[in-house]
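Asks: Supplied in structure tokens, the structure appears directly below.
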Amino acid sequence: MSLLDFLNRKNTPADTAPSIMPVLPKDIYAQSTLDLVDTIAPTALKIGSRELELGEKFVRTFYTISYPRFLSDSWFSPVINLDKVLDVSIFIHPVDTEQALHAFQKKVAEVQSQINEREAKGLVRDPLLDTAYQDLESLRDNLQQAQEKLFDVGLYLALYGDTKEDIAKTEGDIRGVLDAKLVYTKPALFQQEQGFRSCLPIGTDELLVNSKLNSSPLSSIFPFVSFDLTSDRGILYGINRHNASLILFDRFSLENYNSVVFAKSGSGKSYATKLEILRSLMFGTDVIVIDPEREYEQLAEATGGRSFNISLSSDNHINAFDLPPVKEGEDPKDILRSNIIALVGLFRIMLSGLSPEEDAIVDRAISETYALKDITGNVDFTGMEPPLLSDFEQVLSGMEGSESLIERLSKFTRGTYAGFMNQPTNIDLKQQFAVFSVRDMEDELKPIAMYVITHYIWNAVRHEMKKRLLIIDEAWWMMKSEDTASFLYSLAKRGRKYYLGVCTITQDVEDFLKSPYGRPILTNSSLQMLLKQSPTTIDVLQQTFSLTDEEKYLLLEAGVGEGLFFAGMKHVAIKIVASYTEDQIITSDPSQLLAIKQEKSRYASRQS
């Protein structure tokens, strides 16, 4: 029997005999063709008194028969969130208010008559009768005033399992939950066929086992009370491991657009981030990445973005003295002052700290260096050529007490590091996707390079407002220095005004949180993602995020791409999923990358 025949089958009298018709060749041909229903139908169907066999699966249906006097909010959520395969059907049949009021009038008269009869006999009053009378009168008033409506409600559940024992265990779990709430159920004995069809998404109530509920208790059965993070817009972050629903979310709909990702090495944090980048690009978001390991170059190449390699021998340069154009309504003094403060922070990192006297000298020297190029707070310096580090050194050399500063600065202007810092900027951020790679930069210079790049990005963000996402991978490099951590915190705090979301990713959770700016950055991030963690850091995370013991063990035992996803006040267990095409673009698996590289080589050789 096909599934379509099963669904459309009617109970016919046993004595009705089918007419015998000749079978034509065209009918034989038509019967041999497959349609969609034949494809999705089970291989076999067997109807029993307590369950159905659908191919290799068993299904059992049962229904609710009674409810308590009061139903609390979300009483049905433990069933919805149960980690079992089940279908829930809720049929709501409105009852005409006039008919309901007429029936209530009779019922109230019956109850009142019983109460009067007990009083006439001198019997002690019955609390059950009094309560029933009060409830009936209250509901009748609400119906009369159109504050409530009455409905015939059928609540059916269909359980699936590989064996009868699996179904029996699931049924016991569900009935235990419901019995504790005084909601009682019964299996649809000898009505499994009708029960199964009633639980299919075709809108037919064949069991017709209904209970009368008014609007208030009916609303408590609302089924969409599971741990969902699904919104009307946004990108797909992954699958909800609680109930296999989709986690669709738009970070730009929250109070701030920032996020943090904590995970141990190899747990899929870069994979998850690249997947978010790919899907964000499709929705018109500009994305900028600071990449410490050149993991994002393939993604930039595949999406038409640009990748800039920042190193001592690279042809890509950023001048730390660059200034953003002055926009209408902005004061050049404020822009110049902000840039000078950022440069003082940069020189603290470059020169391994500054004494209070040196700090004042550097601050004054930066102002005079800009003045050499006629850049002051009193003029619009848009389009003016900014100074270089060598200009700053020249000004510094003429100032008293700067000998130690010049000695330490010389390696950045005339020494080994001159190719990195003392060059005019020759890159831009006009493309939708840009990657700044610092893999080939010496570890000693990585915090400096990330500070310079981030400052350059911040100037570009302030110049032109558009929806942007800044990804800082291995952010613990920036947390090493108080100045870089402070600048990163200011980005996270001020980015919302410029439509910028900052995503910080780190595997060194303890170093990140030990920084005085680690927790403030976390507090200013509306999205958090925790993937697989190591035992050495899990206790810190449990305390920071107030995780339960179950969530703690979930993070310890999670597979690659699995963890917890926090959005505002909600959080769910997540599994990161990607399509085949997305996986080929974003994979970081060395074996996959090697196979892709070999395939490209073979394709190039065939083309030649």
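Nothing in this text is a laboratory measurement; each read-out follows from the coordinates by a stated rule. Bear in mind that the values here come from a model prediction, so they are computed numbers and not experimental data. Glycine also receives a Cβ, built like all others from the backbone with ideal geometry; neighbour counts cover every protein chain displayed.
Asks: I'd like the Karplus ³J(HN,Hα) series for segment 580-588: coefficients 6.51, -1.76, 1.60, θ = phi - 60°, whole numbers in Hz, and an x wherever there's a Gly or Pro.
Replies: The phi angles translate into 4, 5, 4, 4, 5, 7, 9, 4, 10 Hz.
Asks: Same structure again: Note the count of lysine pairs whose C-alpha atoms are less than 27 angstrom apart in segment 380-475, limited to pairs 8 or more residues apart or on different chains.
Replies: Values: K411/K446; K430/K446; K430/K466; K430/K467.
For segment 380-475, qualifying lysine pairs total 4.
Asks: Of the peptides 519-532, 269-282, how do they stack up when ordered by the mean number of other Cβ atoms within 10 Å, highest first?
Replies: 269-282, 519-532
Asks: Going through segment 370-430, which trypsin sites (Lys or Arg not before Pro) have at most 13 other Cβ atoms within 10 Å and a DSSP loop state?
Replies: R414, K430
Asks: For segment 61-219, take the convex hull of the Cα atoms, compute a quarter of its surface area, and give me that in nm², please.
Replies: Convex hull of Cα atoms, orientation-averaged projection: 11.5 nm².
Asks: Note down the magnitude of the dipole of segment 336-417 about its Cα centre, charges +1 on Lys and Arg C-beta and -1 on Asp and Glu C-beta and zero elsewhere, to the nearest 20 debye. Intermediate results must be reported in sequence, preceding the final value.
Replies: Numbers: 7 positive and 13 negative charges, 58 e Å.
With Lys and Arg at +1 and Asp and Glu at -1, about 280 debye.
Asks: Another question about this same structure. Leaving out same-chain residues fewer than 8 places away, which aspartates and glutamates sit with a Cα under 13 Å from that of K514?
Replies: Counting by Cα, and skipping residues close in sequence, K514 has these aspartates and glutamates nearby: E482.
Asks: Suppose every K and R has +1 on its Cβ and every D and E has -1 on its Cβ; what is the size of the dipole of the chain about the Cα centre, in Debye to the nearest 20? Walk me through the intermediate numbers first.
Replies: Numbers: 63 positive and 85 negative charges, 219 e Å.
Dipole magnitude for the chain comes out near 1060 debye.
Asks: Related question: Taking Cα atoms, how many degrees apart are the long axis of helix 446-463 and the longest axis of the chain, rounded to 10 and kept between 0 and 90?
Replies: 70 degrees
Asks: What net charge do the residues around Q191 carry, taking every other residue with its C-beta under 14 Å from that of Q191, with Lys and Arg at +1 and Asp and Glu at -1? Numbers along the way, then the final one.
Replies: Working: positive: R50, R60, K186, R197; negative: E51, E193, D205, E206.
Computed value for this residue: 0.
Asks: Related question: Just order 55-62, 254-261 by mean Cβ neighbour count inside 10 Å, highest at the front, would you?
Replies: Those peptides, ordered most packed to least, come out 254-261, 55-62.
Asks: I'd like the distance separating the alpha-carbon centroids of segment 250-288 and segment 423-488, in whole Å.
Replies: Distance between centres, Cα-based: 17 Å.
Asks: Mind jotting down the three principal axis lengths of segment 482-521 based on Cα atoms? Whole angstrom, largest first.
Replies: On the principal axes, segment 482-521 reaches 30, 19, 14 Å in Cα extent.
Asks: Moving on. Give me the three principal axis extents of segment 149-285 from the C-alpha atoms, as integers in angstrom, largest value leading.
Replies: That gives 55, 41, 30 Å along the principal axes, largest extent first.
Asks: As a test, work out the antiparallel percent of DSSP beta bridges whose residues both lie in the chain, rounded to the nearest 5. Show your work: numbers first, answer last.
Replies: Details: 47 of 75 bridges.
Once the DSSP bridges in the chain are tallied, antiparallel ones form about 65 percent.
Asks: Continuing with this model, one more query. Where the only charges are on Cβ atoms (+1 Lys, Arg; -1 Asp, Glu), what is the dipole of segment 61-219 about its Cα centre, to the nearest 20 debye?
Replies: That gives a dipole near 280 debye.
Asks: Within segment 454-513, which trypsin sites (Lys or Arg not before Pro) sit in a loop by DSSP and count at most 12 neighbouring Cβ atoms inside 10 Å?
Replies: Filter output for segment 454-513: K466.
Asks: Quick check: the distance between the Cα centres of segment 312-367 and segment 496-559, to the nearest angstrom?
Replies: 31 Å
Asks: Evaluate the distance, in nm, between pseudo-label points positioned 7 Å from the Cα of T425 and of D38 along their respective Cα→Cβ axes.
Replies: Result: 6.6 nm between the two label points.
Asks: Applying 1/(1 + (r/R0)^6) with R0 = 51 Å to the Cβ-Cβ distance of S138 and M465, what FRET efficiency is obtained, to the nearest 0.05? Display every interim value, and only then the final one.
Replies: Values: r = 56 Å, r/R0 = 1.11.
Once rounded, the FRET efficiency stands at 0.35.
Asks: Which of [x] 1.08; [y] 1.38; [z] 1.17 is the computed Cα Rg over 2.2 N^0.38 Å for the structure on display?
Replies: This structure yields the entry labelled [y].
Asks: Expressed as an acute angle from 0 to 90° and rounded to the nearest 10, what is the orientation of the C-alpha long axis of helix 403-413 relative to the principal long axis of the chain?
Replies: Value to nearest ten degrees: 70.
Asks: I'd like the chymotrypsin sites (Phe, Trp or Tyr not before Pro) in segment 528-608 restricted to DSSP loop residues with at most 15 other Cβ atoms within 10 Å, sorted by number.
Replies: Passing both the DSSP loop test and the Cβ count: no residue.
Asks: Name all residues of segment 548-575 having a backbone nitrogen under 14 Å from the label point set 7 Å from the Cα of D583 along its Cα→Cβ direction, giving them as ranges.
Replies: It comes to 560-561, nothing else.
Asks: Let me have the 222 nm mean residue ellipticity of the chain computed from DSSP H runs of 4+ only, each contributing -39500 (n - 2.57), with the sum over all residues rounded to the nearest 500.
Replies: -13000 deg cm²/dmol
Asks: Now a separate question. Find the relative contact order for the chain and round it to a whole percent, using C-alpha pairs within less than 8 Å whose residues are 6+ positions apart.
Replies: 16 percent
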